[in-house]
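The values are calculated or read from the model by the stated rules, or taken from the named source; none is laboratory data. All values derive from a computational prediction rather than experimental measurement. Counting neighbours? That spans all protein chains shown, and the Cβs are built from the backbone with ideal geometry, glycine included. Heads up: the accessible areas ignore ligands, DNA and RNA and are worked out on the full protein's heavy atoms, side chains in. Shrake-Rupley method; radii C 1.70, N 1.55, O 1.52, S 1.80 Å.
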Amino acid sequence: MFNVTPIPAFNDNYIWALTVPNSQAVAVVDPGDADVVNRYLKDNNLQLTAILVTHHHDDHTGGVNQLHLEHAAEVYGPANSPFEGISHKLVNDDQIELMGQLLTIHAVPGHTLDHISYYLANTTPQLFCGDTLFLAGCGRLFEGSPEQMHEAMEYFKSLPDTTEVYCTHEYSLANLAFAAAVEPTNPQITAAIERCTQQREAGLPTLPSTIATEKQINPFLRYNETTVKQSAEQFAHSPLSSEIAIFASLRQWKNQF
Ligand SMILES: [Zn+2]
């Protein structure tokens with residue numbers, strides 16, 4: 001498994017830095033800002049060898065070209081991305097080896113059409129999922145459909161419960177406020193709000209989450225739960241007969257929450 005360190009960027013982004021023991025090599029996920037990465041490399045005496053891109057948005061790719069030029073780091077990313085700085089183009093089910101660790105690529109369109117995730121199968125599995133799955137939330141549908149995002153959610157649910165979830169944004173408390181509106185009587189959500197509030201007050205990230213936790217608190221993975229279905233129907237003012245319809249109603253509700 002990787003040692004994973006957050007490099008905070010902008011208001012609420014984390015650029016995840018991946019290292020393995022006894023090596024100066026480091027890979028970064030979604031470096032929107034080259035300066036904070038360069039400072040991190042200097043402070044920790046590390047050498048940037050690889051960049052992983054999940055999707056084309058500027059706050060995920062803004063630092064890629066500069067870092068690639070300065071460090072000759074390999075750039076991995078989606079083959080169908082409108083972002084032009086990718087040297088290793090990846091498609092669904094591809095595998096890449098990084099510092100002796102084997103990562104599996106899964107296409108998870110929805111937030112954008114080029115969105116991919118990186119998954120490391122291990123005793124402690126690790127998932128780097130960009131703006132697709134958040135703690136207690138999911139990304140907005142800028143380019144894809146509810147069908148596509150629902151399929152991505154089904155993939156995340158299929159991963160082992162112990163999987164660590166590294167998403168890009170510190171949106172946890174806002175997401176949990178919405179989760180509590182959907183399921184006011186879910187004690188796991190109440191506990192997560194307490195835990196995340198304490199972490200934020202201490203200046204700590206609330207991430208990573210785990211798939212086990214997300215299955216308990218994330219409304220966008222819980223469309224099979226009766227309470228979630230009822231809340232989504234109440235928002236839609238109509239009965240919802242499919243998981244996708246429930247998911248779409250939740251996403252629409254969250255957009256205006
Ligand atoms: Zn994005």
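Taken together, the criteria exclude THR112 from residues that are more than 18 Å from the chain's Cα centre (by Cα) and not hydrophobic (A, V, I, L, M, F, W, C).
If you filter the range 202-246 down to residues that are aliphatic (A, V, I, L, M) and more than 23 Å from TYR155 (Cβ to Cβ), you find that the one that is most open to solvent (accessible area, probe 1.4 Å) is LEU204.
So in the range 46-60, with the set limited to residues that are open to solvent by 10 Å² or more (accessible area, probe 1.4 Å) and of a type outside the set (D, E, K, R), which one is nearest to the ligand (Cβ to nearest atom)?
To start, the set of residues in the range 46-60 that are open to solvent by 10 Å² or more (accessible area, probe 1.4 Å) comprises 46-47, 49, 56-59.
Pick out the ones that are also of a type outside the set (D, E, K, R) and you get 46-47, 49, 56-57.
Working: LEU46: 26, GLN47: 28, THR49: 25, HIS56: 8, HIS57: 4 Å.
Out of the qualifying residues, it is HIS57.
Selection within the range 143-179: residues that are of a type in the set (Ser, Thr, Tyr), open to solvent by 10 Å² or more (accessible area, probe 1.4 Å) and assigned to a helix (DSSP H, G or I). The member of this set that is farthest from the ligand (Cβ to nearest atom) is SER158. Scanning the range 247-257 for residues that are open to solvent by 50 Å² or more (accessible area, probe 1.4 Å) and either of a type in the set (A, V, I, L, M, F, W, C) or touching an Asp or Glu at 6+ places or on another chain (Cβ under 7 Å) (or both) yields one hit, PHE257.
Of all the helices (runs of 4 or more DSSP H) wholly in the range 190-257, which have at least 2 residues that are under 23 Å from HIS169 (Cα atoms) and over 19 Å from the mean Cα position of the chain (by Cα)?
On the way: elements: 211-217, 226-236, 243-255.
In the range 190-257, 243-255 are the helices (runs of 4 or more DSSP H) which contain 2 or more residues that are under 23 Å from HIS169 (Cα atoms) and over 19 Å from the mean Cα position of the chain (by Cα).
Report, by residue number, each residue of the range 64-91 that is within 15 Å of the ligand (Cβ to nearest atom) and closer than 16 Å to VAL26 by Cβ. VAL64 - this is the single residue of the range 64-91 that is within 15 Å of the ligand (Cβ to nearest atom) and closer than 16 Å to VAL26 by Cβ. Inside the range 113-142, residues that are part of a loop (DSSP other than H, G, I, E, B), crowded, with 24+ Cβ neighbours inside 10 Å and away from the ligand (no atom under 13 Å from the Cβ) make up a count of 2.
For residues that are charged (D, E, K, R) and under 19 Å from PHE128 (Cα atoms), scanning just the range 26-45, find the one that is surrounded by the fewest Cβ atoms within 10 Å (Cβ to Cβ). Write out each step before concluding.
So the first thing to find is which residues in the range 26-45 are charged (D, E, K, R), and the list is 30, 33, 35, 39, 42-43.
Now restrict to residues that are under 19 Å from PHE128 (Cα atoms): 30, 33.
Values: ASP30: 28, ASP33: 19.
Selected residue: ASP33.
Looking across the range 86-104 at every residue that is within 26 Å of SER23 (Cα to Cα) and assigned to a loop (DSSP other than H, G, I, E, B), the one that is least open to solvent (accessible area, probe 1.4 Å) is identified as ILE86.
Are any residues in the range 12-45 on the phi < 0 side of the Ramachandran plot, within 16 Å of the ligand (Cβ to nearest atom) and part of a loop (DSSP other than H, G, I, E, B), and if so, which ones? Explain how you work it out, then say what you get.
Going residue by residue through the range 12-45, those that are on the phi < 0 side of the Ramachandran plot are 12-21, 23-29, 31-44.
This time we only want the ones that are within 16 Å of the ligand (Cβ to nearest atom), so: 12-16, 29, 31-33.
Scanning the range 12-45 gives ASP12, PRO31, GLY32, ASP33.
Applying a threshold of 8 Å to beta carbon distances and a minimum spacing of six or more residues, or different chains, the list of pairs starting in the range 233-248 at a residue that is without any contact (Cβ under 8 Å) to a residue 12 or more places away in the chain and ending at one that is aliphatic (A, V, I, L, M) and assigned to a loop (DSSP other than H, G, I, E, B) is empty. You will find that of SER81, SER23, the residue that is closer than 25 Å to LEU133 by Cβ, open to solvent by less than 60 Å² (accessible area, probe 1.4 Å) and modelled with pLDDT of 95 or more is SER81 and no other.
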